[in-house]
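The values are calculated or read from the model by the stated rules, or taken from the named source; none is laboratory data. Remember, it's a predicted structure, so these values are computed and weren't measured experimentally. Note that we place each Cβ from the backbone using ideal geometry, even for glycine, and neighbour counts take in every protein chain shown.
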Amino acid sequence: MKVAFVLISTEDCSEMKKVILSTLAVFALSGCVTAPFVPPTGMVSSIQAPLDLETTNKQIGSKHGSSSVFTILGLISVGDASYKSAAEDGNITTIKGSDYSYLNVLGLFQKTTVRVYGD
């Protein structure tokens with residue numbers, strides 16, 4: 001039986017620690033850029049969820065507008081899903097509420113739409 005030993009220098013260990021800590025930081029901070037409510041998703045999913053969580057006794061408004069972003073193969077993203085673009089679409093000057101919808105088909109095609117409501 002042969003036994004092989006791999007020697008790792010202290011410089012390699014410090015570089016490895018940096019890579020591991022950087023990776024953990026990315027995973028820890030990635031949750032900070034999500035919507036306030038993220039429903040579970042599957043391989044094929046179509047969901048709607050609020051962006052505005054304070055909806056107690058709130059008037060939505062008489063107009064609505066939307067804006068979308070499309071992603072293909074997880075590589076190419078095009079569109080504008082900003083509040084400004086959605087408000088312009090609905091000719092809204094005062095936004096009173098918002099939500100979003102998300103469509104995913106096997107990660108090959110994704111569409112995120114932001115909807116705003118107001119007057």
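Note on region 80-96: residues that are surrounded by 15 or more Cβ atoms within 10 Å (Cβ to Cβ), under 23 Å from SER45 (Cβ atoms) and not hydrophobic (A, V, I, L, M, F, W, C) amount to 0. Restricting attention to region 46-64, does a residue exist that is modelled with pLDDT of 85 or more and touching a Gly at 6+ places or on another chain (Cβ under 7 Å)? Checked region 46-64: at least one residue is modelled with pLDDT of 85 or more and touching a Gly at 6+ places or on another chain (Cβ under 7 Å). Every residue in region 58-79 that is buried (at least 16 other Cβ atoms within 10 Å of the Cβ) and of a type in the set (Lys, Arg), please. Residue satisfying the conditions is LYS63 alone.
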